[in-house]
Amino acid sequence: MEYAPEDFSQSAINRGQRKINYALTMVDQRIAKTLKLMRDAIAASPAGQDIDFDAVDDAIKELYHLSRQVADIKPPGCDSTWPG
């Protein structure tokens with residue numbers, strides 16, 4: 001990733017923050033996907049048959065919802081070219 005470390009301009013800061021925002025949303029999505037896979041594996045097991053997963057499902061939905069909001073904050077927004 002090329003950047004000029006001596007450039008402290010607002011546009012440079014925003015550019016960097018857009019890349020950070022995108023990276024954060026990617027991490028969130030991977031965590032949510034992993035949690036869902038774990039939830040499904042537990043639910044499919046004999047021990048998981050009697051577990052109410054509503055709270056887990058709600059938490060995963062909230063994770064996706066909050067993650068999408070990070071990308072919508074403008075400025076700076078989100079830059080999907082990360083990693084560049």
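Results, tabulated for the structure shown:
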| read-out | value |
| --- | --- |
| Selection from region 1-16 of residues that are among the polar types (S, T, N, Q) and part of a loop (DSSP other than H, G, I, E, B) | Ser9 |
| Filtered residues of region 34-56 (kept if exposed (fewer than 13 other Cβ atoms within 10 Å of the Cβ) and of a type in the set (D, E, K, R)) | Asp40, Asp50, Asp52, Asp54 |
| Lone unmet requirement of (1) of a type in the set (Gly, Ala, Ser); (2) loosely packed, with under 11 Cβ neighbours inside 10 Å; (3) at pLDDT below 90 for Ser80 | (2) |
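This table checks each residue for (1) assigned to a helix (DSSP H, G or I); (2) among the β-branched types (Val, Ile, Thr); (3) touching a residue at least 40 places away in the same chain (Cβ under 8 Å).
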site: Arg18; (1), (2), (3): yes, no, yes
site: Ala23; (1), (2), (3): yes, no, yes
site: Asp28; (1), (2), (3): yes, no, yes
site: Lys36; (1), (2), (3): yes, no, no
site: Ile42; (1), (2), (3): yes, yes, no
site: Asp52; (1), (2), (3): no, no, no
site: Lys61; (1), (2), (3): yes, no, no
site: Arg68; (1), (2), (3): yes, no, yes
site: Cys78; (1), (2), (3): no, no, yes
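The values are calculated or read from the model by the stated rules, or taken from the named source; none is laboratory data. This is a predicted model, so every value here is computed, not measured. For neighbour counting, all protein chains shown are included, and Cβ atoms are generated from backbone atoms with ideal geometry for every residue, glycine included.
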